[in-house]
């Protein structure tokens with residue numbers, strides 16, 4: 001029996017890129033292969049320290065009551081071990097029951113409009129559990145799911161066997177997949193280029209092109225260095241075989257709405273100049289980007 005580990009399950013609107021505004025149910029899996037300490041952290045402080053966090057996670061038993069994160073990765077609570085006592089573990093059915101609790105009408109279909117809710121698998125890094133996706137979606141609570149959005153940093157090697165098994169299941173159950181690829185730029189995240197930019201991962205995603213779509217979404221500062229790294233990264237993806245017409249979204253580096261507003265106009269102007277799609281984090285503007293949004 002496969003057990004899963006997650007930090008939160010919630011319903012919100014998709015806040016970024018192509019499906020911004022769409023009602024979406026989220027599973028935020030625990031654990032990640034990156035830390036992205038440099039986000040919103042120009043002084044390169046240790047964002048996992050209690051001093052920089054501004055609070056001690058052990059003083060909280062409920063992840064929904066922790067203060068807003070201001071530096072580093074804004075979902076640190078999903079991968080830093082100091083928060084692990086707030087994580088939950090369970091089977092696919094347990095996770096499915098948690099999802100049903102947050103869904104309007106306990107269903108992925110809204111009976112008033114007959115529109116389906118997207119299921120987003122995020123983290124942390126959800127593809128660390130790629131081999132378990134079929135088991136998860138096979139749980140009866142997910143039977144109405146027809147659109148899965150996988151929010152990934154596009155760096156974890158994917159086994160073709162696992163991808164094929166996943167697509168075979170999706171074909172049998174008429175499920176469409178969106179790969180929301182958010183590679184972490186070294187100058188912005190602090191991660192190493194050779195670990196963060198892995199074109200082979202994006203290629204494996206395209207195993208069944210009629211059943212999926214993918215786009216790229218970069219977090220950028222309003223600097224030439226950030227945008228130059230986007231161009232360098234995309235050239236590696238193009239050289240590997242990714243479609244040169246793939247959508248590329250750029251988001252301002254920000255944990256809070258105040259941080260986003262401070263640089264959003266500059267980032268948007270650079271998107272216009274460079275030919276990219278500007279992507280505002282609307283969840284920040286609407287909900288404040290706290291846990292569960």
Problem - Rounded to 5, the percent of DSSP beta bridges in the chain classed as antiparallel - result: 30 percent
Handout entry: Dimensionless Rg ratio for the stretch 118-166, taking C-alpha atoms and the 2.2 N^0.38 Å reference
Key = 1.13
Exercise for the section: Using only Cα atoms, locate the centre of the stretch 237-278 and the centre of the stretch 39-68, then give the distance between them in Å, rounded to an integer. Expected result: 27 Å
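Take the alpha-carbon positions of the stretch 1-125, form their convex hull, and give its projected area averaged over all directions (one quarter of the hull surface) in nm².
Working: hull surface 35.8 nm².
Averaged projected area of the stretch 1-125's Cα convex hull equals 9.0 nm².
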Exercise for the section: Please find, in a Gaussian network model of the chain (springs between Cα atoms separated by less than 10 Å), the residue of 25, 240, 92 whose mean-square fluctuation is greatest. Expected result: 240
Completion exercise
Exposure-ranked with fewest Cβ neighbours within 10 Å first, 249, 278 stand as 278, 249
Practice task
For the stretch 177-260, count all C-alpha to C-alpha pairs, find those more than 17 Å apart, and express that count as a whole percent of the total.
Solution key: 47 percent
Fill in the blank from the handout: GNM on the chain, Cα springs under 10 Å; top mean-square fluctuation among 193, 179, 79 goes to 193
Handout entry: For the stretch 89-248, share of DSSP beta bridges that run antiparallel, in % to the nearest 5
Key = 5 percent
Fill in the blank from the handout: Check: C-alpha center the stretch 171-186 vs C-alpha center the stretch 97-152, spacing in Å is 13 Å
Fill in the blank from the handout: Descending packing, highest mean Cβ count within 10 Å first, for 33-41, 121-129 is 121-129, 33-41
Problem - Convex hull of the stretch 77-214 built on C-alpha atoms - directionally averaged projected area, nm² - result: 9.5 nm²
Practice task
Please compute the Cα-Cα pair-distance distribution of the stretch 201-241 with 10 Å bins starting at 0, giving whole percents from short to long.
Solution key: 25, 44, 25, 6
Practice task
Pull up the DSSP beta bridges for the stretch 1-124 and report the antiparallel fraction as a percent, rounded to 5.
Solution key: 70 percent
Practice task
Identify which of 198, 59, 210 has the largest mean-square fluctuation in a Gaussian network model of the chain, with springs joining Cα atoms closer than 10 Å.
Solution key: 59
Handout entry: Alpha-carbon spread of the chain, three principal axes, descending order, Å
Key = 49, 48, 37
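Here, each number is a calculation from the coordinates, and none is a lab measurement. As the structure is a prediction and not an experimental result, all values here were calculated from the model. Glycine gets a Cβ as well: all are built from the backbone with ideal geometry, and neighbour counts include every protein chain shown.
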